Amino acid sequence: MKHKGLLVLMILIFVLAACAPAADTRVEKPTEAMMEKPTEAMMEKPTEAAMEKPTDAMMDKSKATPEAMEDKMMDAPAWFSASLTNVRSDETFTIADFKGKVVLVETMAIWCSNCKKQQNEVKALHEALGVNKDLVSIGLDIDPNENAADLKAYTDSNGFDWVYAVAPADVINEISSLYGNQFINPPSTPMLIIDRKGEVHTLPFGIKSADELKAFLEPFLTEGM
């Protein structure tokens, strides 16, 4: 009986074990909730405030205006402020004194025959134009060996009655640096026009007739400030 009871117990345990559910060893797939994409709140873009561009106050207010940029571009070269003496009147002047006028400048020397021919054309130009308060003609003697007394005698003997001055070394050097070495070579008859705003316009080398000079000058003379 003892063995029979033990056998029944073993059979009962075996049956119970067979009926118990097996452990689920499978890996559970992620649910839709687990795979949910980030919400709009989670992916929210930076606000307009966060992305705001720098304000005017943040920007450099010292930035040049178009007018200031134009003024800077039109800054006069240093030689415009150099003190010169008109040998015909002994009066001192600067090129800057003539701002608002049209200035015709020739770099020349007393010994230069081409210069004399060119100045005779300037004389004819003045006769053709008559008195024009908006036009100033200047002869700049760029030969360091020539002086004011000799230059005055030269202008008197030739009837050249406009402004003449002996250019100092710093003016000669700057003209050469800005416009080229030919502008300190008198036989090339170098000339330039300074317009009413102070901008420099170089003319072709070689002797220019009175009519050619007039054609060069007229657009600047008719142009207002």
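Can we say D141 is under 22 Å from P77 (Cβ atoms), surrounded by 16 or more Cβ atoms within 10 Å (Cβ to Cβ) and under 30 Å from the mean Cα position of the chain (by Cα)?
No: the conditions fail for D141.
When the range 86-99 is filtered for residues that are closer than 21 Å to V122 by Cβ and either surrounded by 15 or more Cβ atoms within 10 Å (Cβ to Cβ) or of a type in the set (G, A, S) (or both), the ones remaining, listed by number, are N86, V87, R88, S89, F93, I95, F98.
Yes or no: N145 closer than 18 Å to P186 by Cα and not in a helix (DSSP H, G or I)? Here the answer is yes, as N145 does meet what is asked. Of all the listed residues (S157, S177), the sole one being closer than 22 Å to W111 by Cα, at pLDDT 95 or above and among the hydroxyl-bearing types (S, T, Y) is S157.
Going residue by residue through the range 84-104, is there one that turns out to be touching a helix residue (DSSP H, G or I) at 6+ places or on another chain (Cβ under 9 Å) and closer than 16 Å to N185 by Cβ? No, the range 84-104 contains no residue that is touching a helix residue (DSSP H, G or I) at 6+ places or on another chain (Cβ under 9 Å) and closer than 16 Å to N185 by Cβ.
Listed conditions (1) crowded, with 17+ Cβ neighbours inside 10 Å; (2) in contact (Cβ under 8 Å) with a residue 24 or more places away in the chain; (3) not aromatic (F, W, Y) are all met by G159, apart from (1). Restricting the range 173-225 to residues that are among the hydroxyl-bearing types (S, T, Y) and assigned to a helix (DSSP H, G or I) leaves a set whose member that is surrounded by the most Cβ atoms within 10 Å (Cβ to Cβ) is S188.
The values are calculated or read from the model by the stated rules, or taken from the named source; none is laboratory data. Owing to the predicted nature of the structure, the values given are computational and were not obtained by experimental measurement. Positions of Cβ are generated from backbone atoms using ideal geometry, with glycine treated the same way; all protein chains shown enter the neighbour counts.
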